[in-house]
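For reference, the structure is listed below as structure tokens.
The values are calculated or read from the model by the stated rules, or taken from the named source; none is laboratory data. None of the values given here were measured: they were computed from a predicted structure. Counting neighbours? That spans all protein chains shown, and the Cβs are built from the backbone with ideal geometry, glycine included.
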Amino acid sequence: MAERSIWLVILAGAAATYLWRGLGVALAGRIDPGDAVFRWTGCVAYALLAGLIARMIVLPLGELQETALWVRLAAAALALAAFYATRKNILIAAATGVGAVALFAWLGGV
Amino acid sequence: MGVREAFGLPALTLTASYLAFGSLIRASGLGLLPGLATTFGMWALPGQVALVELYGLGASLGVIAATVALTNARFLPMTVVLMPHLRAPGRPRWLYYAAAQLIAVTSWVLAMQRTPALAEEERLPYFLGLSLVLWGGCFVGTAAGYVLAGGLPHALSLGLVFLNPLYFMLIFALDLRERSRLLALMAGAVVGPLLHLLSPDWGLLATGFVAGSFAFGVDRVMARRQASRATAGRHG
């Protein structure tokens with residue numbers, strides 16, 4: 001196999017990412033924001049992102065796999081509870097969730 | 001104004017999230033410079049993580065490019081939806097193509113929430129100010145994570161990895177007033193993990209189509225019912 005230069009890989013990764021952003025700009029000029037197609041695209045975007053976030057919490061890749069599923073779900077629930085209890089204070093909510101995962105990991109000896 | 005908004009919590013959380021990426025770079029035996037280059041060229045954390053992990057596993061260039069393309073296809077609908085929020089008359093087109101590189105989850109959600117309240121000509125400057133500060137924070141995070149790698153207690157670094165999805169979830173929860181968005185978010189969150197189990201490659205895109213179309217359809221039906229109830233009320 002030819003040597004895979006990391007720079008070539010990064011260049012390919014950047015192109016594969018920008019492709020969608022650039023295509024989005026080109027298409028945006030052709031769709032009327034009042035259109036049903038446009039509103040459908042908005043729904044797809046929000047669903048995609050919620051799906052990605054849920055996947056990152058429920059089925060994480062990488063080192064977060066060392067933590068138990070119930071720990072991550074409990075931490076997310078605690079963070080949401082703190083978020084609504086503090087009238088949507090993201091700092092407190094995020095610190096609660098991160099603290100919960102760190103605490104459970106520490107107690108579990110991970 | 002965007003700059004002011006970005007400093008503080010949004011930049012702080014993104015910087016903290018990129019700490020984990022910086023330490024991943026270190027653990028994968030890559031140098032700091034390639035790590036920073038992915039933050040510059042891609043600025044999409046899940047895609048960057050996939051690239052570094054696949055490279056470490058010895059995957060071919062084609063497999064890496066295809067995986068990154070699938071992971072980041074979300075930018076197509078995101079960009080299409082955001083662009084009308086940024087447009088103002090009399091600007092050159094290349095400016096929008098350049099601004100598109102700065103579309104990432106945090107900058108996108110915040111711009112979708114804030115720009116409708118701004119005057120047309122202030123929207124793009126707001127987005128650029130916001131995104132450039134956030135982007136800058138990610139370089140700081142990547143570098144700091146690389147330098148600090150192994151120095152943080154493991155439990156704390158796990159907490160920081162969790163910060164990324166957690167923060168994304170919270171900024172979406174900031175604004176749930178629009179019914180179609182709320183429906184799409186709920187449907188996507190339920191369907192996302194299930195379809196990922198079926199196909200890690202195509203699951204995310206399928207989630208967007210299935211859950212997004214479902215939310216769109218339900219929203220239309222509900223809007224029509226409301227409309228007919230309103231007319232019935234007027235006549236009855």
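B:Arg181 meets each of the listed conditions (1) of a type in the set (D, E, K, R); (2) closer than 23 Å to B:Gly203 by Cα; (3) more than 7 Å from every other protein chain (Cβ to nearest Cβ) apart from (3).
The requirement of being of a type in the set (D, E, K, R), at pLDDT 95 or above and closer than 29 Å to B:Leu33 by Cβ is not satisfied by A:Arg4. Taken over the range B:76-100, residues that are in a loop (DSSP other than H, G, I, E, B) and either of a type outside the set (A, V, I, L, M) or touching a residue at least 60 places away in the same chain (Cβ under 8 Å) (or both) amount to 5.
Of all the listed residues (A:Ala47, A:Ala105), the sole one being closer than 28 Å to B:Ser180 by Cβ, surrounded by 23 or more Cβ atoms within 10 Å (Cβ to Cβ) and facing another protein chain (nearest Cβ under 7 Å) is A:Ala47. Between B:Ala59, B:Ala73, the distinction of being outside any helix (DSSP H, G or I), closer than 22 Å to B:Cys138 by Cα and at pLDDT below 95 belongs to B:Ala73 only. Restricting B:Gly150, B:Gly137 to those that are touching a helix residue (DSSP H, G or I) at 6+ places or on another chain (Cβ under 8 Å) and on the phi > 0 side of the Ramachandran plot reduces the list to B:Gly150.
Each residue in the range B:105-133 was checked for being over 23 Å from B:Glu178 (Cβ atoms) and out of contact with any Phe, Trp or Tyr (no Cβ under 9 Å at 6 or more places or on another chain), and 5 pass. Considering the range B:44-93, the residues that are of a type in the set (Lys, Arg) and more than 7 Å from chain A (Cβ to nearest Cβ) include one that is surrounded by the fewest Cβ atoms within 10 Å (Cβ to Cβ), namely B:Arg93. Filtered by the rule that a residue be in a helix (DSSP H, G or I) and either touching an Asp or Glu at 6+ places or on another chain (Cβ under 7 Å) or within 14 Å of chain A (Cβ to nearest Cβ) (or both), the range B:139-161 gives B:Thr142, B:Gly145, B:His154, B:Ala155, B:Leu156, B:Ser157, B:Leu158, B:Gly159, B:Leu160, B:Val161. If the condition is being part of a helix (DSSP H, G or I), more than 21 Å from the chain's Cα centre (by Cα) and modelled with pLDDT under 90, then the range B:27-48 contributes only B:Ala27.
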